[in-house]
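Below is one structure, written out as structure tokens; the observations come after it.
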Amino acid sequence: MSHLFQGITLGFTASATPGPFQAFLLNHTVQHGKRRALPLCLAPLISDAPIIILMLCILTQLPQGFLRFIQIFGGLFLLYLAKGTLSTVWNGNGQNSAPAQPRNFQHAILMNLLSPGPYIFWGTITGPMFLKALSRSVWHAICFIGGFYTILIGGFIAFVVISSAALSMGRKTGRMMAIIAAMALFGFGVWQIWNGIAS
């Protein structure tokens, strides 16, 4: 139960902390609606697998510039998404009903892979806790990882639902939220590029 509680606590912290992925979800909620944004909440289940393996097995053997590389290219990708969101707002297209879900899901996976957050989180906090649980038994490790991702994905789903409810207040609110999402993506992108270069 202690490892389950640890996983739940960390999952809640990760989902409640504002970051690029939340801005990405807000962006797609505004552009495509709740129905198309909700499946994107599952992207960490796929993108985190190679991150976890990397952080637990070989990160200490990689050159110090690895995270810098991830940060810079991740920042550029965020700027690209911000540009697309602002273009939609200025053109007055509103929500896009085009069936672009596969591409959106690929973007969600790429977003996580190019964000330093999961690498740092798994390398400094979640990874050591997972290894400690695994040292006790596989069951303890399953409880930890299950609690973590249940609350993490649930938190992302709640974020999309709440954002969608706010959008229902009107088109003006939708445009405002789109601008907020674009500015958040832009801000996180600049921050990642700056940290990648400065470090």
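The values are calculated or read from the model by the stated rules, or taken from the named source; none is laboratory data. These figures come from a predicted structure and were not determined experimentally. FYI the Cβ positions are ideal-geometry reconstructions off the backbone, even for glycines, and counts take in every protein chain you see.
Side notes on the structure shown:
- Among the residues making up the range 35-49, those that are surrounded by fewer than 21 Cβ atoms within 10 Å (Cβ to Cβ), at pLDDT 90 or above and farther than 16 Å from G11 by Cβ are L38, P39, I46.
- Condition met for P44 (out of contact with any strand residue (DSSP E or B) (no Cβ under 8 Å at 6 or more places or on another chain) and outside any helix (DSSP H, G or I)): no
- Hits in the range 1-30 (condition: part of a helix (DSSP H, G or I), surrounded by fewer than 23 Cβ atoms within 10 Å (Cβ to Cβ) and more than 16 Å from the chain's Cα centre (by Cα)): S2, L4, F5, Q6, I8, T9
- Filter pass, N195 being part of a helix (DSSP H, G or I), farther than 21 Å from H32 by Cβ and modelled with pLDDT under 90: yes
- When every residue of the range 54-67 is checked against the conditions, none turns out to be closer than 27 Å to L38 by Cα, hydrophobic (A, V, I, L, M, F, W, C), modelled with pLDDT of 65 or more and part of a helix (DSSP H, G or I).
- Residues of the range 90-110 that turn out to be at pLDDT below 80, under 22 Å from the mean Cα position of the chain (by Cα) and part of a helix (DSSP H, G or I), as a count: 4
- Across the range 111-160, the number of residues qualifying as in contact (Cβ under 8 Å) with a residue 12 or more places away in the chain and not in a helix (DSSP H, G or I) comes to 2.
- Residue that is surrounded by the most Cβ atoms within 10 Å (Cβ to Cβ), among those in the range 132-145 that are touching a helix residue (DSSP H, G or I) at 6+ places or on another chain (Cβ under 7 Å) and over 12 Å from T9 (Cα atoms): A133
- The range 176-199 residues that are over 15 Å from Q22 (Cβ atoms) and aromatic (F, W, Y), paired with ones that are modelled with pLDDT of 75 or more and surrounded by 15 or more Cβ atoms within 10 Å (Cβ to Cβ) (beta carbon under 9 Å, 6 or more apart): W194/G75
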